[in-house]
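K.L.:
Got a structure for you, questions after.
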Amino acid sequence: MQPFVFNTTARIVCAGGSAAELGRQAGDMLGPRLLFVTDQGLRAIGLEKPAIASLEAAGADVTIFDAVEADPSLATLQAATEAARSCNATGIVGFGGGSSMDVAKLTALLAGSGEDIDEAWGVGNAKGPRLPLVLVPTTAGTGSEATPVSIITVGENEKRGVSSPLLLPDLAVLDADLTLGLPAPITAATGIDAMVHAIEAHASRNANNNPVSSMLAREALVLLGANIETVVNEPGNRDARQSMLLGSMLAGMAFGNSPVAAVHALAYPIGGMFHIPHGLSNALVLPHVLDFNIAEESNGSWRHYSELAPLAFPALAGGPSPDKAKAFVVELADLSKRLGLPPRLRDCGIGEDSLPVMAADAMKQTRLLVNNPREVGEADALAIYRAAW
């Protein structure tokens, strides 16, 4: 067995209705003055109200920061950090999708330590300490509540990340009730995102790919594969929603320690340049990256995909492993179509003339590309984009 390190969230509450008891679950650890990080869309429907009422009933003074946007910018992070300092926050709550949780993570770090974000970018560069941190996901996709990573958009479209165990929260609260109102396209895209996390974690070439991450990735795909079509077709199915949240978090635990690779590297330019949601960006390139990987048999990725195939899609059990890997790729592409997601880049308004620029931009994601089972050059990235177009 190769040496490895496994870090994850300290405490997890997985129960419907648990967000409405946030004060009881987290009040003591967060202290008396909280910054509650969320977005205006969730506030417009009042999804945050029970959680905030619970925190206030427990004696907390809650300041709300609701300016988080999709693909949050550095300016948004700086504004959230200033809000935390202005209210002298003793704790941070991130409530929402991956964007709100990513901003909350770095706000807790920057407000708690006073360090410069420019010195924290990259892997293992954050110094800390951070403020106490609680994360409450409202989508089943990013797994950000269990990952040591936060992604921020710098400049026009560059995605830049901080990766450090300091960003793991003290508590994650998984409450299916918060996801019941999600529209089908968001439910589908975030669900595919979670599946990508599990797939890439399992096949990652990273030196820290380990038995714990592998186990969690496999269990995540069992839960996600069994429930993703149900939550899209039966949006009020609470049990399926709770299973998706759990699957998403398990996938987050997996890739938080065995990092993702080329699917994400090629997805980031799509989101950065065209503001396409991250889950959909992943779905658009997923089958084409996996096709690229298994085309080179020596890297062994087909073994990983063959092992995962019947977990996500039980009908693929049996048969030769190489054939099973190819069938897995086909089934993932068909799944996106069944879920109603656009299958091609052109269906999302991306012109063919943008593909070379995207390929060049993807090459900047070196921290991800090194984890891919097969080396990806700029010409390879362009060929993958053309296949997806």
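K.L.:
Test ALA226 against the stated conditions and say whether it is assigned by TED's automatic domain parsing to the domain that holds VAL329, surrounded by fewer than 24 Cβ atoms within 10 Å (Cβ to Cβ) and not β-branched (Val, Ile, Thr).
P.N.:
yes
K.L.:
Still on this structure: Which of (1) in contact with an Asp or Glu (Cβ under 7 Å, 6 or more places away or on another chain); (2) surrounded by fewer than 24 Cβ atoms within 10 Å (Cβ to Cβ) is the odd one out, the single condition MET215 does not satisfy?
P.N.:
Only one criterion in (1) in contact with an Asp or Glu (Cβ under 7 Å, 6 or more places away or on another chain); (2) surrounded by fewer than 24 Cβ atoms within 10 Å (Cβ to Cβ) is unmet by MET215, namely (1).
K.L.:
Looking at segment 128-151, which of its residues are in a loop (DSSP other than H, G, I, E, B) and either touching a residue at least 40 places away in the same chain (Cβ under 8 Å) or of a type in the set (Lys, Arg) (or both)?
P.N.:
ARG130, LEU131, PRO132, THR138, THR139, ALA140, GLY141, THR142, GLY143, THR147, PRO148
K.L.:
Just to verify a result, which residue in segment 229-251, among those that are farther than 13 Å from THR139 by Cα and within 17 Å of the chain's Cα centre (by Cα), is surrounded by the most Cβ atoms within 10 Å (Cβ to Cβ)?
P.N.:
Checked segment 229-251; the qualifying residue surrounded by the most Cβ atoms within 10 Å (Cβ to Cβ) is ALA251.
K.L.:
For segment 1-20, enumerate the residues that are part of a loop (DSSP other than H, G, I, E, B), surrounded by 15 or more Cβ atoms within 10 Å (Cβ to Cβ) and polar (S, T, N, Q).
P.N.:
The answer is ASN7, THR8, THR9.
K.L.:
Which of the residues that make up segment 173-189 are modelled with pLDDT of 95 or more, surrounded by 19 or more Cβ atoms within 10 Å (Cβ to Cβ) and either over 14 Å from the mean Cα position of the chain (by Cα) or of a type in the set (Ser, Thr, Tyr) (or both)?
P.N.:
Matches in segment 173-189: VAL173, LEU174, ASP175, ALA176, LEU178, THR179, THR187.
K.L.:
So, one more: Report every pair of residues separated by at least 6 positions or lying on different chains whose Cβ atoms are under 7 Å apart, first residue within segment 95-119 and in the same structural domain as ALA20 (by TED's automatic domain parsing) and at positive phi, second surrounded by 18 or more Cβ atoms within 10 Å (Cβ to Cβ) and assigned to a helix (DSSP H, G or I).
P.N.:
Pairs that qualify, where the first residue is in the same structural domain as ALA20 (by TED's automatic domain parsing) and at positive phi and the partner is surrounded by 18 or more Cβ atoms within 10 Å (Cβ to Cβ) and assigned to a helix (DSSP H, G or I), are GLY96/LEU42.
K.L.:
Further question on the same structure: Just to be sure, is ASP39 modelled with pLDDT under 95 and either acidic (Asp, Glu) or touching a Leu at 6+ places or on another chain (Cβ under 8 Å) (or both)?
P.N.:
No; evaluated as a whole, the condition is false for this residue.
K.L.:
Taking segment 344-368, which residues are assigned to a loop (DSSP other than H, G, I, E, B), within 22 Å of the chain's Cα centre (by Cα) and free of Cβ contacts under 8 Å to residues at least 24 places away in the same chain?
P.N.:
Residue satisfying the conditions is MET363 alone.
K.L.:
Counting just the residues of segment 303-343 that are closer than 17 Å to LEU266 by Cβ and crowded, with 18+ Cβ neighbours inside 10 Å, which one comes out farthest from the chain's Cα centre (by Cα)?
P.N.:
Once the filter is applied, the top-ranked residue is VAL329.
K.L.:
Could you tell me whether segment 261-282 includes any residue that is modelled with pLDDT of 95 or more, outside the structural domain of SER164 (by TED's automatic domain parsing), in a helix (DSSP H, G or I) and surrounded by fewer than 24 Cβ atoms within 10 Å (Cβ to Cβ)?
P.N.:
Scanning segment 261-282, I find at least one residue that is modelled with pLDDT of 95 or more, outside the structural domain of SER164 (by TED's automatic domain parsing), in a helix (DSSP H, G or I) and surrounded by fewer than 24 Cβ atoms within 10 Å (Cβ to Cβ), so the answer is yes.
K.L.:
Return yes or no: is GLU296 at pLDDT 95 or above, acidic (Asp, Glu) and either under 17 Å from ALA312 (Cβ atoms) or not assigned by TED's automatic domain parsing to the domain that holds SER73 (or both)?
P.N.:
no
K.L.:
Moving on. When only residues in segment 146-162 that are under 13 Å from PHE255 (Cβ atoms) and in contact with a Ser or Thr (Cβ under 8 Å, 6 or more places away or on another chain) count, which is surrounded by the fewest Cβ atoms within 10 Å (Cβ to Cβ)?
P.N.:
For segment 146-162, the residue satisfying everything is GLY161.
K.L.:
Right, another one. It is to be established whether one or more residues within segment 81-90 are within 19 Å of ARG24 (Cα to Cα) and crowded, with 23+ Cβ neighbours inside 10 Å.
P.N.:
yes
K.L.:
On the basis of being under 24 Å from SER354 (Cα atoms) and either touching a strand residue (DSSP E or B) at 6+ places or on another chain (Cβ under 8 Å) or free of Cβ contacts under 8 Å to residues at least 60 places away in the same chain (or both), does GLY272 make the cut?
P.N.:
Yes, satisfied.
K.L.:
Would you please name the residue that is farthest from LYS326 (Cα to Cα), looking only at residues in segment 289-302 that are touching a Lys or Arg at 6+ places or on another chain (Cβ under 6 Å) and surrounded by fewer than 19 Cβ atoms within 10 Å (Cβ to Cβ)?
P.N.:
This residue is ASN299.
K.L.:
Here is a follow-up. Just to be sure, is LEU168 aliphatic (A, V, I, L, M), surrounded by 17 or more Cβ atoms within 10 Å (Cβ to Cβ), modelled with pLDDT of 95 or more and in contact with a Pro (Cβ under 7 Å, 6 or more places away or on another chain)?
P.N.:
Criteria met by LEU168.
K.L.:
Could you look through segment 21-42, keep only residues that are part of a helix (DSSP H, G or I) and crowded, with 17+ Cβ neighbours inside 10 Å, and pick out the one that is nearest to the chain's Cα centre (by Cα)?
P.N.:
My answer is LEU42.
K.L.:
Looking at the structure I just gave you, is LEU266 under 17 Å from the mean Cα position of the chain (by Cα), of a type outside the set (Gly, Ala, Ser) and farther than 25 Å from ASP361 by Cα?
P.N.:
Answer is no for this residue.
The values are calculated or read from the model by the stated rules, or taken from the named source; none is laboratory data. Note that the coordinates shown come from a computational prediction; the quantities given were computed from them, not determined experimentally. Here Cβ is always computed from backbone atoms with ideal geometry, including for glycine, and neighbour counts include all displayed protein chains.
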